[in-house]
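S.K.: Got a structure here, written out as structure tokens. Questions coming.
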Amino acid sequence: MMKGSMSTDLGIITVSPDVIAKYAGSVAIECFGIVGMAAVNVKDGLVHLLKRESKVGISDENILTLNFHVIVSYGVNILSVSDNLMSNVKYKVEEFTGMKVGKINIFVEGVRVID
């Protein structure tokens, strides 16, 4: 798996995809309507880093693609929960990593009734 790298005046900062995956997963769990994460998401494909040339063509730019396999609460509007998850995760992950989130895919793997 590719690592996200940022160049600074003092050197290069490399962020492991596992770190981004754990952080993104913890943000997702805090979202309303998300009961849990399906077993496949923690390390298997939660975060992928895509290298893409910048528009200027001088350097590479890190673009994140996040895949979430979630379990939602019974009775919630899945579209509303997904929109909330996407906006929260995009904002917080971009703030945390300094990298751009290009795409967030949400796979609803189950529904759970909460007491």
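S.K.: Under 7 Å between Cβ atoms, which residue pairs at least 6 apart in sequence (or on different chains) link something in region 55-68 that is within 12 Å of ASN105 (Cβ to Cβ) with a partner that is among the charged types (D, E, K, R) and modelled with pLDDT of 85 or more?
M.R.: Filtered contacts from region 55-68: LEU64/LYS100; THR65/LYS103.
S.K.: Within region 86-106, track down each residue that is open to solvent by less than 40 Å² (accessible area, probe 1.4 Å) and at pLDDT 95 or above.
M.R.: Once the filter is applied, which keeps residues that are open to solvent by less than 40 Å² (accessible area, probe 1.4 Å) and at pLDDT 95 or above, region 86-106 yields nothing.
S.K.: Which condition from (1) open to solvent by 20 Å² or more (accessible area, probe 1.4 Å); (2) modelled with pLDDT under 90; (3) part of a strand (DSSP E or B); (4) out of contact with any Gly (no Cβ under 9 Å at 6 or more places or on another chain) is the one that LYS55 breaks?
M.R.: Only one criterion is unmet by LYS55, namely (3).
S.K.: For region 40-49, indicate whether the set of residues that are out of contact with any Leu (no Cβ under 8 Å at 6 or more places or on another chain), within 14 Å of GLU109 (Cα to Cα), open to solvent by 60 Å² or more (accessible area, probe 1.4 Å) and at pLDDT 85 or above is non-empty.
M.R.: no
S.K.: Please name all residue pairs, on different chains or six or more residues apart, with Cβ atoms under 7 Å, provided the first residue is in region 7-23 and is touching a residue at least 60 places away in the same chain (Cβ under 8 Å) and the second residue is in a helix (DSSP H, G or I).
M.R.: Within 7 Å, the pairs are VAL15/THR97; ILE20/VAL93; ILE20/THR97; TYR23/VAL93; TYR23/PHE96.
The values are calculated or read from the model by the stated rules, or taken from the named source; none is laboratory data. Remember, it's a predicted structure, so these values are computed and weren't measured experimentally. In this analysis, Cβ positions are derived from the backbone assuming ideal geometry, glycine residues included, and neighbour counts consider all displayed protein chains. SASA here: full protein model, heavy atoms, side chains in, ligands and nucleic acids out. Shrake-Rupley method; radii C 1.70, N 1.55, O 1.52, S 1.80 Å.
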